[in-house]
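These notes concern the structure reproduced below.
The values are calculated or read from the model by the stated rules, or taken from the named source; none is laboratory data. Owing to the predicted nature of the structure, the values given are computational and were not obtained by experimental measurement. Virtual Cβ from ideal backbone geometry, glycine too; neighbours counted across all protein chains shown. Just the protein is used for accessible areas: all its heavy atoms, side chains included, with ligands, DNA and RNA removed. Shrake-Rupley method; radii C 1.70, N 1.55, O 1.52, S 1.80 Å.
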Amino acid sequence: MVIDEILITALGTDRRVASLANGRLRRFALRVPGDDVRAGDIFVGRVTSVDRRLAAAFVDIGAERAGLLMLADAADPRNPPSEGDRVVLRVLRAADGSKGAKLAARPPLPADLVAEGKGLRPPQRLRKAADPVLTAVESALANTEGPGLARVVVDDAAVLAELRAAFPDLGERIEFHRGLASLFASEGVDEMLDAALLPRVPLPSGGAILISETPAVAAIDIDMAAATGPGMTAVRATNLEAMAAIAEAIVLRDLAGHIVIDPLAARDRSHRGDLVSALRTAMAGDDRILRWGGFTPLGLIELTRERRGPSLRRQLGTVCGACGEGWQRAPWVAAGDALRAVLAEGRAHPGRLPRLVAAPAVADALNEAMAPAKAVAEERQGGPLVIERDATLAPVGYRVAVADAAVGLRP
């Protein structure tokens with residue numbers, strides 16, 4: 001997979017990055033508001049307890065939940081840390097739901113950071129992970145196959161300056177978005193992202209793949225549905241067609257951990273081999289560690305994918321902890337969408353300040369977690385944002401009004 005286009009929308013620290021290939025959304029990254037803990041961060045923490053049965057230590061890194069250090073991942077597994085010890089650790093996986101961040105000191109951390117950490121009072125962050133904007137561009141440039149990265153479009157002047165300083169060779173390929181509509185709306189990213197959050201992914205043949213996320217496993221079912229064709233020929237074609245779509249969905253949705261795939265009537269050994277081969281080929285460009293289990297005795301394809309944090313659905317919203325199916329967009333995500341809609345409406349009606357009508361949860365997010373983003377939006381539009389609370393809207397709904405006109409209703 002060669003990323004040829006990157007679109008970046010930013011409001012202060014709220015940064016959202018869409019990476020596309022041939023016009024299709026292939027990766028999506030974002031930076032959540034607040035002092036979040038992300039994979040790649042390095043902390044000096046303090047061990048709060050050691051569980052010998054789990055062969056793990058719990059470490060205070062200043063987050064809501066203690067991080068987990070498996071003793072085998074300590075700097076010296078033969079002499080693991082004890083309760084109260086100061087430790088310098090890298091975040092392997094961000095917190096997800098009730099699970100705290102997963103930490104490790106192996107492979108060995110840079111000696112200068114370890115020395116610096118020994119002189120600090122924990123918990124403190126020593127180094128932040130690379131910003132998702134820079135990471136996305138670096139990743140695209142690292143892939144030398146095909147024509148490469150042709151276009152980077154950004155709607156924020158500060159981010160534009162950062163990119164031009166960090167990647168001078170890109171030159172005119174870095175563009176500033178000047179359209180009236182928001183960047184993601186004008187480029188179709190909003191629609192593609194909404195589709196990526198649905199459990200059903202249609203296939204060109206008329207079949208579909210059905211994706212179910214739970215805390216323990218991501219289950220993917222292949223449904224022949226309206227696919228047409230004679231008998232096993234159609235089954236085989238649908239199964240093979242689904243492998244490419246499944247690989248794309250795993251990467252875009254950032255599914256990780258234990259993944260189970262239920263293909264259609266794959267009893268023939270040769271067909272099973274073709275399916276696993278097709279999936280492995282489609283996943284070849286993934287940057288995560290993959291472990292392949294192949295077909296189980298019950299006819300399921302099993303694999304595991306390295307987890308670095310919550311899946312895309314869990315980053316953008318809240319999932320029912322019991323069933324993993326119920327989903328709602330997070331208030332802060334909806335608040336960012338609302339701010340971008342306000343700015344777009346302001347550009348369409350120069351000289352008139354739009355008014356935002358928002359559900360209470362969205363209004364609260366604008367005044368709390370998204371307050372820095374709101375300040376940037378107010379600076380851009382040249383005046384304060386008027387927010388009206390409306391409890392009759394959907395839980396994270398909003399609408400943008402200018403004079404007597406209202407636009408931008410979102411569920």
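If you scan region 168-189, which residues turn out to be of a type in the set (D, E, K, R) and under 24 Å from PRO350 (Cα atoms)? Those that are of a type in the set (D, E, K, R) and under 24 Å from PRO350 (Cα atoms): GLU175, ARG178, GLU187.
Do you know which residues across region 66-98 are closer than 19 Å to PRO123 by Cα, of a type in the set (Asp, Glu) and touching a residue at least 40 places away in the same chain (Cβ under 8 Å)? Across region 66-98, there are no qualifying residues. From the list VAL402, VAL319, the lone residue that is under 30 Å from ASP286 (Cα atoms) and touching a Pro at 6+ places or on another chain (Cβ under 9 Å) is VAL319. In region 20-65, the qualifying residues are those that are buried (at least 22 other Cβ atoms within 10 Å of the Cβ) and small (Gly, Ala, Ser), and the one that is farthest from the chain's Cα centre (by Cα) is ALA57.
Based on what the data block shows, is VAL17 surrounded by 22 or more Cβ atoms within 10 Å (Cβ to Cβ) and in contact with a Gly (Cβ under 7 Å, 6 or more places away or on another chain)?
Spelling it out, it is not the case that VAL17 is surrounded by 22 or more Cβ atoms within 10 Å (Cβ to Cβ) and in contact with a Gly (Cβ under 7 Å, 6 or more places away or on another chain).
Only one entry in GLU213, GLU248, GLU241 is surrounded by 15 or more Cβ atoms within 10 Å (Cβ to Cβ) and over 30 Å from LYS99 (Cβ atoms), namely GLU241. Out of all the residues in region 180-210, which are open to solvent by 40 Å² or more (accessible area, probe 1.4 Å) and hydroxyl-bearing (Ser, Thr, Tyr)? SER186, SER205, listed by residue number. Residues that are out of contact with any Pro (no Cβ under 9 Å at 6 or more places or on another chain) and crowded, with 17+ Cβ neighbours inside 10 Å within region 345-362 comprise PRO354, ARG355, LEU356, VAL357, ALA358, listed in sequence order.
For region 113-170, filtered to residues that are hydroxyl-bearing (Ser, Thr, Tyr) and either surrounded by 14 or more Cβ atoms within 10 Å (Cβ to Cβ) or at pLDDT 90 or above (or both), the residue that is farthest from SER182 (Cα to Cα) is SER139. Got at least one residue in region 257-272 being within 23 Å of ILE3 (Cα to Cα) and surrounded by fewer than 20 Cβ atoms within 10 Å (Cβ to Cβ)? There is no residue in region 257-272 that is within 23 Å of ILE3 (Cα to Cα) and surrounded by fewer than 20 Cβ atoms within 10 Å (Cβ to Cβ). Note on region 102-144: residues that are more than 16 Å from the chain's Cα centre (by Cα) and among the small types (Gly, Ala, Ser) amount to 8.
Count of region 363-373 residues, restricted to those that are surrounded by 23 or more Cβ atoms within 10 Å (Cβ to Cβ) and over 22 Å from the mean Cα position of the chain (by Cα), is 0. The helices (runs of 4 or more DSSP H) located wholly in region 304-383 that include 1 or more residues which are touching an Asp or Glu at 6+ places or on another chain (Cβ under 7 Å) occupy 312-316, 331-348, 371-381. For region 238-265, a residue qualifies if it is in a loop (DSSP other than H, G, I, E, B) and more than 16 Å from ALA284 (Cα to Cα), and the qualifying residues are ARG253, PRO263, LEU264, ALA265.
Being over 30 Å from ARG272 (Cβ atoms) and free of Cβ contacts under 8 Å to residues at least 24 places away in the same chain narrows it down to one residue among GLU368, GLU345; which is it?
Residue meeting the stated conditions: GLU368.
Within region 108-142, the only residue that satisfies the criterion of being of a type in the set (S, T, N, Q) and over 15 Å from PHE167 (Cα atoms) is GLN124. Answer yes or no as to whether PRO80 is over 30 Å from HIS177 (Cα atoms) and in a loop (DSSP other than H, G, I, E, B). It is true that PRO80 is over 30 Å from HIS177 (Cα atoms) and in a loop (DSSP other than H, G, I, E, B). Filtering ALA101, ALA72, ALA105, ALA95 for residues that are among the small types (Gly, Ala, Ser), over 30 Å from ALA166 (Cβ atoms) and either out of contact with any Ser or Thr (no Cβ under 9 Å at 6 or more places or on another chain) or crowded, with 21+ Cβ neighbours inside 10 Å (or both) leaves a single hit, ALA72. Between LEU126, LEU197, LEU113, LEU120, the distinction of being among the aliphatic types (A, V, I, L, M) and under 18 Å from LEU20 (Cα atoms) belongs to LEU197 only. Check off (1) under 30 Å from THR13 (Cβ atoms); (2) over 24 Å from the mean Cα position of the chain (by Cα); (3) of a type in the set (Asp, Glu) for ASP223 and give me the number that stays unchecked. Evaluating ASP223 over (1) under 30 Å from THR13 (Cβ atoms); (2) over 24 Å from the mean Cα position of the chain (by Cα); (3) of a type in the set (Asp, Glu) leaves (1) as the failure.
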